[in-house]
Amino acid sequence: MVEVVEEISVQLPGEDILDTGVEVNITEEEFVNPLDTDHLANLAEGMNKDQLGLIASELIEKFENDKTSRKQWEDQYSKGLKMLGIITEDRNDPFPGASGVHHPLMAEAATQFQARAIAEMFPPGGPVKTQIIGKQTDEKIKQAQRVQEYMNYQLTQEMPEYFNELDQLLFYLAVSGSAFKKVYYDPTLERVASSFIPAEDFVISYGSNDLETAERYTQVMKMNKNDLKKYIQTGFYRQINMMEDNYNDEYSDVEKTIDRLEGVSNSMSSSVCTVLEIHADFNIENPDDDTAVALPYIITIEKQSQQVLAIRRNWKEDDEMKKKRTYFVHYKYLPGLGFYGFGLIHMIGGLQHAATGALRALLDSAAFANLNGGFKAKGARIEGGDLTVSPGSWIEVEAYGDDLTKSFMQLPFKEPSPTLMQLLGILTESGRRFSSIADAMVGDAAGTSPVGTTIAQIEQGSKIFSAIHKRLHHAQARELQLIGQLDGEYLPNDYPYEVVGDELAVRRMDFDDRVDIIPVSDPNIFSQAQRIALAQTTLQMAQQAPQFLDVKEAYKRLMTALSLPEPDDLLIDEDDMPRRDPVSENMALLNGKPIKAFSDQNHDAHMAVHQQFISDPRYGGRPEAREALIGPMLAHLGEHVAFQYRLQMQSMAQGAEFPLPSFDDGEEEQQLPPQVENQLAAVQAQTAQALAQSQPPNPEQVKQEQQNQKDQAELQLKAKEMQIREARFAEGVKNNERMQDRKDKELQLKAVDQISKTNERKKK
C-alpha cells in the first residue's frame, strides 16, 4: 500500500506536489466514489469534465493571485540579477560609448559563498553520516554503518545529478535568498531523484511562513509537449486535448532576465507547455457530508488548456490522521520577513549599485582625461581633416604662430577624482566585510597566537557564515531524511551495491526510526580554513598539557582537517616499534624516530646510558639537539622508572603479580574486578610500607631534616623575641599615655587657676 507521495514519486523528474486550500463538493452522480478506488489511482479519470473544469479554473485563479502577491519580489529579483554584471551594458548616457561595466562585488560574494559551501556540504566521501537513536547496540551500530555507506554510494554514484543540482542551488541561493529541492521517486530511472527548483518556479500563497503550514504552494514546470504525451500514454496523466500555446506569454521577467544573462533565447514556444502541480485540500471522500474535513490531494493542471491532468491522494495509506506529505525542502540564505529568504541582492544590492556608479564615473573621467577634446576655430584647416594625434606623429595645419594657438582650445578635463576612488574603496570594503568576514578573521589567527586569542578570532569571524551554514545544514538534513524515507519505501528487501574491493548489501528495513540520517558537515564550522585553525589550536593545547590531552589524536585531527589521505598511515603504531639497546635508542632519537620501553628490559642500564647521553655536551646535551630530545627522552625514562617501580614492588610482595601498565594510547589497560583490585591494593600497601622501612636513610634527606629542625628552632626563637618586643612596645605606649594624661591634667589645673585669678582682678 503506497501513498500519494509515492504517486508523486512515480511522477516525472520535473513534477512536483503542491498544496491548495480549495473545497469542492462533488455529487455521487458526477463521480464514482473514490473510497472504492486504489489509493494511488488518478481520481481525475472518474470525475465529470465540467467539475474538473471548475476545479482547474478556480485553482488557476488562486495561482495567479499568489503570483501577483509576490510581483514586487520578482521585480526586485530581476533587477538584482542584472546587477551581477555578467553582461556589459551599451550606454549612451551621459555620452555615447560611456562605460557600461558592473562592479563585481555581488558576483564575487556569490562565487565565494558557493565555493565555500559546496566543499562543506559535499565532501569527496559523500555528504551523509548516521546517528543512532537511543541506546547503542551492536545491531544498531551495524545498521547505521550500512545506511551511511549506502547513502554515500547512492548520492555519489547512483544519483550523479545530486552534486550538480546542489552546486547550482548554492549559487542561486546566495543571490536570491531562497532555493528549493524536490525529492521524489522517478519511475523512468527506477530510483530516487532530487531536483533543484529555483525560487521563481515555486509560488506559495500569500501570508505563508513555511511549507508545513502553507495553505497552498505550486511548482511551475516548463514541460516539452512530447514528454507530456509520454506521461499520458503511460497512464500517469489522463488524456487531454492540448492547445497550441505561446510559451512567451508564460515567460516571466525573471526568466527573461536569466535567459539574457545566459545568452540564450526561447525558440520552442510551440513545443513547450506550462504544467502546474498544486497541493490542495478537497472534500472528495465524503461529498455529502458538510462537516467532513478536507484532505490533502495533488492536483496537476496544464495551464494553457486549463485541463486537469491528475488528482491523487497525498497521505500515506496507513496514516489514520491523513497528514500531508511534503517533498520539498526550502533552503534559505538569510531569514526574510516572510516566506522567501534574503540574499545578496537584498543585503548588498544597494552597495553594488553605488559601487557600479562610482566605477563607471571613474572610467568615464579617465576616458575624458586621456582622450582630450575641445574647440576648433571654424576657419582652421588640418591636412587630412584628422584631429586625432598619435604618439610621435606630426600633422600639418594651415596656421602660423599665434594663429595656431588661437584656432584651438582644449577643454580642462580633470583627472579621476581621488575622492571618488576613495568612495569606491569604502563601498567595496563594506560589501566584502559582509560577505567574506570569516576568511579574513580566520586568516588573522596565526598559529603562534595564544590559544584563547585564536579561538576568539575564529568565533568572531565565523558569526555571519556560521549562522548561514547552520541553516544549510538543517535544510540538507531534511533533504537527506526524505531520501532515506523513499529508500525505505522503494528499495528491494536486500539491495546489493558494489564498492571498491567489496560488495555490500542494505535492507529496506534499515531505513527506520532507529537511525537518524544527518549531513556529515559540522553546523558550527563552515570552511576548511576554520577547521584547520581549530585543529591547530587543539594541537597547541595538547602540546601544552599532554597529561590531559591526547597529542596523537590532536595530530590526527589536524591531518584530517588538512584533507590528507589516510592519516592513520602516517601515524606510528607503537605495537610495531622494535626492541632496541640503549645506544640504538639514543641514535633513533637523534634521527627523529620514536622509542619504547619494554617491561623485561634492564631498566637501570637503560636509564644510565640515557642520562649520560642527554647530559653529554657532544651529543644529546648540545643546545640545538637538547630542545628536541629532552621531551621524548624524559617520557622514555619515565617508562623505565614505572616498569622498575612495578618490578621492585612485585619482588617485595613475594612474587605477587601486579597488572602491567600500558603506555600505548591505543591499548586498554588490564581491568580487574573490584574485589581483586581491593585485595591487590592491600598487598601493595603492605609492600610499600615494608619498602620504606627497608630503605637506608638518605644522607641528603637526613641533612635536610636536620636543617629543617634548625630552621624551625630559629623561627621559634625569633617568634619569642618578636613577642617580647611587642610586649615592650605595648608597655612603652602605655607609659607614654600615662605621662600624657598627667601633663593634660596639669595644664587643665593651670588654666583653671589662671581663670580664677583673672576673675578676681576683674572684681577688684
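The values are calculated or read from the model by the stated rules, or taken from the named source; none is laboratory data. The structure displayed is predicted, hence computed values, not measured ones. Counting neighbours? That spans all protein chains shown, and the Cβs are built from the backbone with ideal geometry, glycine included.
For segment 161-178, state whether one or more residues are over 27 Å from the mean Cα position of the chain (by Cα), among the polar types (S, T, N, Q) and not in a strand (DSSP E or B).
For segment 161-178, residues over 27 Å from the mean Cα position of the chain (by Cα), among the polar types (S, T, N, Q) and not in a strand (DSSP E or B): absent.
Every residue, every condition in (1) exposed (fewer than 10 other Cβ atoms within 10 Å of the Cβ); (2) modelled with pLDDT under 75; (3) of a type outside the set (Ser, Thr, Tyr), yes or no:
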position: ASP711; (1), (2), (3): no, yes, yes
position: LEU717; (1), (2), (3): no, no, yes
position: MET722; (1), (2), (3): no, no, yes
position: ALA727; (1), (2), (3): no, no, yes
position: GLY732; (1), (2), (3): no, no, yes
position: GLN740; (1), (2), (3): no, no, yes
position: VAL752; (1), (2), (3): no, yes, yes
position: GLU760; (1), (2), (3): yes, no, yes
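Sort through LYS332, LYS322, LYS316 and tell me the only one that's among the basic types (Lys, Arg), on the phi > 0 side of the Ramachandran plot and out of contact with any His (no Cβ under 8 Å at 6 or more places or on another chain).
LYS322 is the lone residue from the list that is among the basic types (Lys, Arg), on the phi > 0 side of the Ramachandran plot and out of contact with any His (no Cβ under 8 Å at 6 or more places or on another chain).
For TYR217, state whether it is in contact with a Leu (Cβ under 7 Å, 6 or more places away or on another chain) and buried (at least 19 other Cβ atoms within 10 Å of the Cβ).
Values: in contact with a Leu (Cβ under 7 Å, 6 or more places away or on another chain): yes; buried (at least 19 other Cβ atoms within 10 Å of the Cβ): yes.
Yes; evaluated as a whole, the condition is true for this residue.
I'm trying to understand the selection: among the residues of segment 341-380, which are more than 42 Å from the chain's Cα centre (by Cα), outside any loop (DSSP other than H, G, I, E, B) and either exposed (fewer than 12 other Cβ atoms within 10 Å of the Cβ) or at pLDDT 80 or above (or both)?
ASN370, GLY374, PHE375
Considering (1) in a loop (DSSP other than H, G, I, E, B); (2) touching an Asp or Glu at 6+ places or on another chain (Cβ under 9 Å); (3) at pLDDT below 50, say which one HIS39 fails and leave the rest.
Among (1) in a loop (DSSP other than H, G, I, E, B); (2) touching an Asp or Glu at 6+ places or on another chain (Cβ under 9 Å); (3) at pLDDT below 50, the lone unmet condition for HIS39 is (3).
Sort through TYR206, TYR185 and tell me the only one that's more than 21 Å from the chain's Cα centre (by Cα), under 25 Å from PHE63 (Cβ atoms), modelled with pLDDT under 90 and not polar (S, T, N, Q). Full working, then the answer.
Working: TYR185 fails: under 25 Å from PHE63 (Cβ atoms).
Checking each option against the conditions leaves just TYR206.
Among the residues of segment 400-408, is there at least one that is modelled with pLDDT of 65 or more, surrounded by fewer than 21 Cβ atoms within 10 Å (Cβ to Cβ), outside the structural domain of ALA179 (by TED's automatic domain parsing) and of a type in the set (Phe, Trp, Tyr)?
Among the residues of segment 400-408, not one is modelled with pLDDT of 65 or more, surrounded by fewer than 21 Cβ atoms within 10 Å (Cβ to Cβ), outside the structural domain of ALA179 (by TED's automatic domain parsing) and of a type in the set (Phe, Trp, Tyr), which makes the answer no.
Only residues that are surrounded by fewer than 18 Cβ atoms within 10 Å (Cβ to Cβ) and either touching a Lys or Arg at 6+ places or on another chain (Cβ under 7 Å) or not polar (S, T, N, Q) (or both): list them for segment 187-197, please.
Within segment 187-197, PRO187, LEU189, GLU190, ARG191 meet the criteria.
So TYR331 fits all but one of (1) over 37 Å from the mean Cα position of the chain (by Cα); (2) assigned to a strand (DSSP E or B); what number is the exception?
For TYR331, the failing item is (1).
Cβ-Cβ below 7 Å, separation at least six or inter-chain, first residue in segment 197-219 and more than 23 Å from LEU81 (Cβ to Cβ), second part of a helix (DSSP H, G or I) and not basic (Lys, Arg): which pairs?
SER205/ASP66; TYR206/ASP66; TYR206/SER69; ARG216/ASP66
I want to confirm something. Restricting to segment 586-645 and keeping residues that are among the charged types (D, E, K, R), surrounded by 13 or more Cβ atoms within 10 Å (Cβ to Cβ) and in a helix (DSSP H, G or I), which single residue is modelled with the lowest pLDDT?
Here the residue is ARG626.
Somewhere in segment 240-262, is a residue exposed (fewer than 12 other Cβ atoms within 10 Å of the Cβ), at pLDDT 65 or above and not in a helix (DSSP H, G or I)?
Yes; the residues of segment 240-262 include at least one that is exposed (fewer than 12 other Cβ atoms within 10 Å of the Cβ), at pLDDT 65 or above and not in a helix (DSSP H, G or I).
Please go through segment 195-215 and pick out each residue that is in a strand (DSSP E or B) and small (Gly, Ala, Ser).
Filtering segment 195-215 down to residues in a strand (DSSP E or B) leaves 195-198, 202-204.
Passing the criteria: only SER195.
Checking the condition of a type in the set (A, V, I, L, M, F, W, C), more than 14 Å from GLN143 (Cα to Cα) and in contact with a Phe, Trp or Tyr (Cβ under 7 Å, 6 or more places away or on another chain), which residue from ILE468, ILE483 passes?
ILE468
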